[in-house]
Amino acid sequence: MKRRVTKAVFPVAGLGTRFLPATKSVPKEIMTLVDRPLIQYAIDEAREAGITEFIFVTSRGKSALEDYFDNAPELEAELRKKNKDALMETLKTTYMDSGAIAYIRQHKPKGLGHAVWCARRLIGDEPFAVILPDDVIAAEKPCLAQMTEAYAETGGCMVAAMRVPDEKTPAYGILDVEADTLDRKISVRGMVEKPPLGSAPSNLAVIGRYILTPDVMNTLNDGKAGAGGEIQLTDAIAKEIAHGRPVTGYRFEGERFDCGSKAGFLQATVSFALARPDLSDEFGRFLSEIVPVARAAE
Ligand code: UTP
């Protein structure tokens with residue numbers, strides 16, 4: 001089986017209800033951390049991992065997402081006329097090579113597993129990455145690049161993993177592992193989606209980066225619903241283990257922000273703004289002034 005990963009699936013067909021009313025007309029993935037939409041972070045991470053084919057699984061109301069990757073000739077002409085070279089370079093990061101990007105529709109939000117399955121014909125017979133843009137990971141070496149490097153040695157399926165406290169385990173897919181060592185690569189012997197509080201097999205949660213074999217697509221053909229009545233990707237990956245094929249948890253280096261939740265999105269906004277040389281002084285000063293005031297008011 002080929003171990004070079006060149007295709008990535010971006011499931012972006014969810015309803016994004018936690019961000020209503022904004023997501024009534026703005027796709028969650030277009031919401032910005034400082035000045036870049038979530039989807040731009042995901043695309044940049046994929047590019048840096050060597051991905052050349054980008055497959056978006058979209059749904060009704062996501063046309064702003066498709067437009068985002070189009071060329072913008074009028075805007076470009078205006079920037080050139082005004083010699084705004086830096087902005088021109090920024091604009092170019094949103095451009096995609098012709099034929100490099102594909103959009104597939106998920107007609108009903110039947111779950112993440114179903115969304116990934118919608119891309120099966122474009123994936124064919126090769127391993128592929130899955131990136132959930134609402135998991136934003138700040139890292140020196142981007143998370144997916146860390147994983148593709150490790151994957152060249154392991155093959156099989158690989159999921160990004162991170163320790164979470166006990167009370168958070170019901171919100172995640174949780175890994176069942178022999179021993180929760182500090183190794184980056186952890187052999188997985190089972191996976192459970194959203195275990196009830198107190199029943200999680202470990203504290204290792206699956207985060208939105210995956211490298212999967214086409215076998216997972218075959219399993220998803222069954223269309224069986226799992227936790228929450230949704231077709232779960234976790235269940236299909238767990239089947240790989242049942243079939244005796246290796247699944248590895250990859251404990252990535254970096255800080256992950258859950259931008260699918262309001263608190264996570266705000267934390268990411270503050271953190272990314274503070275990391276920006278053009279904003280850190282002014283914004284840092286503002287924070288250092290308001291934080292003590294907020295504390296005193298508590
Ligand atoms: P979430 O569980 O965050 O759901 O999906 P959501 O609809 O985006 O947001 P909330 O919970 O209503 O606020 C995780 C990822 O899986 C995709 C989402 O777009 C998101 O990237 N997804 C989920 C689909 O593409 N299709 C689905 O049927 C479900």
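The values are calculated or read from the model by the stated rules, or taken from the named source; none is laboratory data. Source: prediction; values computed, not measured. Because the Cβ atoms are built from the backbone with ideal geometry, glycine has one as well, and the counts that use them run over all protein chains shown.
Using the structure shown, decide if ASP67 is exposed (fewer than 13 other Cβ atoms within 10 Å of the Cβ) and under 29 Å from VAL9 (Cβ atoms). Answer is yes for this residue.
From the list ILE43, ILE39, ILE30, exactly one residue is within 13 Å of the chain's Cα centre (by Cα), of a type in the set (A, V, I, L, M) and under 13 Å from ASP134 (Cβ atoms). Which is it?
Exactly one of ILE43, ILE39, ILE30 is within 13 Å of the chain's Cα centre (by Cα), of a type in the set (A, V, I, L, M) and under 13 Å from ASP134 (Cβ atoms), namely ILE39.
A quick yes/no check of all residues on (1) touching a residue at least 60 places away in the same chain (Cβ under 8 Å); (2) surrounded by 16 or more Cβ atoms within 10 Å (Cβ to Cβ):
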{"position": "MET191", "(1), (2)": "no, yes"}
{"position": "SER202", "(1), (2)": "no, yes"}
{"position": "ILE207", "(1), (2)": "yes, yes"}
{"position": "TYR250", "(1), (2)": "yes, yes"}
{"position": "GLU253", "(1), (2)": "yes, no"}
{"position": "LEU266", "(1), (2)": "no, no"}
{"position": "ARG285", "(1), (2)": "no, no"}
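Kindly indicate whether GLU74 is away from the ligand (no atom under 14 Å from the Cβ) and surrounded by 14 or more Cβ atoms within 10 Å (Cβ to Cβ).
Values: away from the ligand (no atom under 14 Å from the Cβ): yes; surrounded by 14 or more Cβ atoms within 10 Å (Cβ to Cβ): no.
When the stated conditions are applied, GLU74 does not pass them.
Given the conditions (1) within 12 Å of the ligand (Cβ to nearest atom); (2) touching a Pro at 6+ places or on another chain (Cβ under 6 Å), and given that THR213 satisfies all but one, which numbered condition is not satisfied? THR213 satisfies all of (1) within 12 Å of the ligand (Cβ to nearest atom); (2) touching a Pro at 6+ places or on another chain (Cβ under 6 Å) except (1).
Candidates are the residues of region 33-52 that are within 16 Å of the ligand (Cβ to nearest atom) and not in a strand (DSSP E or B); the one that is surrounded by the fewest Cβ atoms within 10 Å (Cβ to Cβ) is GLN40.
Restricting THR94, THR148, THR169 to those that are hydroxyl-bearing (Ser, Thr, Tyr), under 16 Å from GLU45 (Cβ atoms) and at pLDDT 95 or above reduces the list to THR148.
Check whether at least one residue in region 53-61 is within 16 Å of the ligand (Cβ to nearest atom), among the hydroxyl-bearing types (Ser, Thr, Tyr), over 15 Å from ALA102 (Cα atoms) and surrounded by 13 or more Cβ atoms within 10 Å (Cβ to Cβ), and report yes or no. For region 53-61, residues within 16 Å of the ligand (Cβ to nearest atom), among the hydroxyl-bearing types (Ser, Thr, Tyr), over 15 Å from ALA102 (Cα atoms) and surrounded by 13 or more Cβ atoms within 10 Å (Cβ to Cβ): absent.
Can you tell me which condition LEU122 does not meet? The list is (1) touching a residue at least 60 places away in the same chain (Cβ under 8 Å); (2) closer than 24 Å to GLU230 by Cβ; (3) buried (at least 17 other Cβ atoms within 10 Å of the Cβ), and all the others hold. Here LEU122 meets the rest and fails (3). Applying the set (1) among the hydrophobic types (A, V, I, L, M, F, W, C); (2) under 19 Å from the mean Cα position of the chain (by Cα); (3) not in a helix (DSSP H, G or I) to ALA150 leaves exactly one unmet item: (3). For region 1-25, the set of residues classified as surrounded by 13 or more Cβ atoms within 10 Å (Cβ to Cβ), in a loop (DSSP other than H, G, I, E, B) and away from the ligand (no atom under 13 Å from the Cβ) consists of ARG3, VAL5, THR6, listed by residue number. Of MET147, MET88, all but one fail to be among the hydrophobic types (A, V, I, L, M, F, W, C), out of contact with any Phe, Trp or Tyr (no Cβ under 9 Å at 6 or more places or on another chain) and either away from the ligand (no atom under 12 Å from the Cβ) or in contact (Cβ under 8 Å) with a residue 40 or more places away in the chain (or both); the exception is MET88. Take the conditions (1) under 22 Å from PRO246 (Cβ atoms); (2) out of contact with any strand residue (DSSP E or B) (no Cβ under 7 Å at 6 or more places or on another chain); (3) assigned to a helix (DSSP H, G or I); GLU167 misses just one of them, which is (1).
Being surrounded by 18 or more Cβ atoms within 10 Å (Cβ to Cβ) and without any contact (Cβ under 8 Å) to a residue 60 or more places away in the chain: is that true of ILE30 here? Steps first, please.
Values: surrounded by 18 or more Cβ atoms within 10 Å (Cβ to Cβ): yes; without any contact (Cβ under 8 Å) to a residue 60 or more places away in the chain: yes.
In short, yes.
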